[in-house]
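A short worksheet on the structure shown next.
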Amino acid sequence: MTFTIRVKEEMSKLSYNRLEATCELAAFLRYNSQIKKDAISITIENASVARRIYILTKELFNINLKIIVRNQKRFRIKQIYILEIKEKVNTILETLNIYKEGKKILPEDYFLETEEEKLSFIRGLFLASGSLNDPSTSGYHLEFTVLSKKEAMFISKLLKDFYIVAKILKRNNHYMVYIKSAEMISDLLKIFGATNSLFYFEDIRIYRDHKNMVNRLNNCEIANAEKTIKTGLKQLETIAYLEENDLIDLLDERIKEVIDYRKKYPETSYNELAEIISLETGKQIGKSGINHYFIKMNKLKENHQKQNN
């Protein structure tokens, strides 16, 4: 079972009042039906969704719907459900603001006034044409598919009323309204009322965020370790140069002491080296002190190289 099916099945079991049912059904028929002069045909792949649309239509309009179940053979055998409406077609279309006097109502003329109406419409829209990636197998991605750019812009504007920002992309003969933000997808699942799916999504999101943070910390630690090793090797090269050219005696005893400890502990950081020296000698020295001494060594090496070139 895909995550999309899981979310839709949960949504299909939610309770509703008459206003919610009307807006949800209006969105579903608007975005997932074939409308003819005297009939409405709805093709649905999900049994739970098909059952909900059947019940909503029957309760709202008190009609009989014909149900056809077919086996679809594409890669694997699956059942599809076709609902056919042949009663009160004009009444249904006008009541749901899909057609009026034989003309399709455009998105800019489709008014949703209250938050309750908008929420129900968005739920119906997702049941009709929405899909959502499983967060455990891929990136965060929720999308709605519609036929026209005007419809896509209408949906984008509707989502903005709930502070959800969606992008629009043309795909073949369709338009895709999609969301990539994990936080916004989580908010949308909350709007859908899909509580169990929301908990699952958030659990995966927290796990992935934690895993990414651990990876970043590990990468940071590896990078710091590599940097420390490179710094230590470079300092050993400087020390070797000073020894080969009899320059060590030009340094004071404290610097010579630091040189001895660096040779003994070549892979330690400045902080670790300072702690070891302070502990073993009883003479306090800090990271800045260690750095200062190596700067002096580098300057002595550079001056000697300039004089002999």
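Values quoted throughout were computed directly from the atomic coordinates according to the rules given, and no laboratory measurement underlies them. These numbers were taken from a predicted model, which means no experiment stands behind them. When we count neighbours, we look across all protein chains shown, and the Cβ atoms used for this are built from the backbone with ideal geometry, even at glycine.
Among the GluC sites (Glu not before Pro) within the stretch 218-309, which fall in a DSSP loop and have no more than 15 other Cβ atoms within 10 Å of their own Cβ?
Answer by residue number: Glu267.
Please list, by residue number, every one of the trypsin sites (Lys or Arg not before Pro) in the stretch 3-41 that is coil in DSSP and has at most 10 other beta-carbon atoms within 10 Å.
Answer by residue number: Lys36, Lys37.
Angle between the Cα long axis of helix 115-129 and the longest principal axis of the chain, 0 to 90 degrees, nearest 10?
90
Less than 20 Å from a label point 7 Å out along the Cα-to-Cβ axis of Thr2: which backbone N atoms in the stretch 166-180 qualify, by residue?
Zone members listed by number: 167-180.
How many nm is it between the label spots at His292 and Thr95, if each spot is 7 Å from the Cα in line with the beta carbon?
Calculated label separation equals 8.7 nm.
Hey, how many Å between the Cα centroid of the stretch 1-68 and the Cα centroid of the stretch 97-137?
The two parts, judged by their Cα centres, are 12 Å apart.
7 Å from Cα along Cα→Cβ at both Lys149 and Ile68: what's the point-to-point distance in nm?
So the two model labels end up 3.6 nm from each other.
Exposed loop sites here are chymotrypsin sites (Phe, Trp or Tyr not before Pro) in DSSP loop states with at most 13 other C-beta atoms within 10 Å. What is the longest stretch of the chain lacking them?
Counting only loop sites that pass the neighbour cut-off, the longest clear stretch is 164-309.
Quick one: angle between helix 270-281 and the longest Cα principal axis of the chain, in degrees between 0 and 90, rounded to 10, please.
With both axes taken from Cα atoms, the answer is about 40 degrees.
What is the distance in Å between the Cα centres of the stretch 157-217 and the stretch 270-309?
Using only Cα atoms, the two centres lie 53 Å from each other.
Distances longer than 31 Å among the Cα atoms of the chain: what percent of all pairs is that?
Summing the P(r) tail past 31 Å for the chain gives 52 percent.
Return the distance in nm (one decimal) between the two label points of a simple spin-label model at Tyr241 and Ala223, each offset 7 Å from Cα along Cα→Cβ.
2.8
How much length, in nm to one decimal, is gained on full extension between Ser15 and Glu108, taken as 0.36 nm per residue of separation minus their Cα-Cα distance?
Value of the extension gain: 30.6 nm.
Can you show me the helix-derived [θ] at 222 nm for the chain, built from DSSP H runs with n ≥ 4 at -39,500 (n - 2.57) apiece and divided by the number of residues, rounded to the nearest 500.
-19000 deg cm²/dmol
Where in the stretch 85-139 are there GluC sites (Glu not before Pro) that are in a DSSP coil and have at most 11 other Cβ atoms within 10 angstrom of their Cβ?
Glu101, Glu113
Please compute, for the alpha-carbon atoms of the stretch 215-307, the extent along each of the three principal axes and give them in descending order in Å.
48, 33, 20
Could you grab the relative contact order for the chain? Cα pairs under 8 Å, six or more apart, rounded to a whole percent. Spell out each step's value before the answer.
Numbers: 347 pairs, mean separation 42.2, N = 309.
Relative contact order for the chain comes out at 14 percent.
Please give the FRET efficiency for Glu202 paired with Lys36, using the beta carbon to beta carbon distance and R0 = 45 Å, rounded to the nearest 0.05.
Details: r = 43 Å, r/R0 = 0.97.
After rounding, the FRET efficiency stands at 0.55.
Through the Karplus equation 6.51 cos²θ - 1.76 cosθ + 1.60, θ set to phi - 60°, convert the phi angles of the stretch 155-169 into ³J(HN,Hα) values in whole Hz; use x for Gly and Pro.
Here the 3J(HN,Hα) series is 5, 4, 5, 5, 5, 4, 4, 10, 6, 10, 9, 10, 10, 10, 9 Hz.
Each residue of the stretch 50-61 in turn: what ³J(HN,Hα) in whole Hz from Karplus with 6.51, -1.76, 1.60 and θ = phi - 60°, glycine and Pro shown as x?
Running phi through 6.51 cos²θ - 1.76 cosθ + 1.60 with θ = phi - 60° gives 4, 5, 5, 5, 4, 5, 4, 5, 5, 5, 6, 10 Hz.
Taking each pair of distinct Cα atoms in the stretch 135-248 once, what is the resulting Kirkwood hydrodynamic radius in Å?
This gives a value of 18.5 Å.
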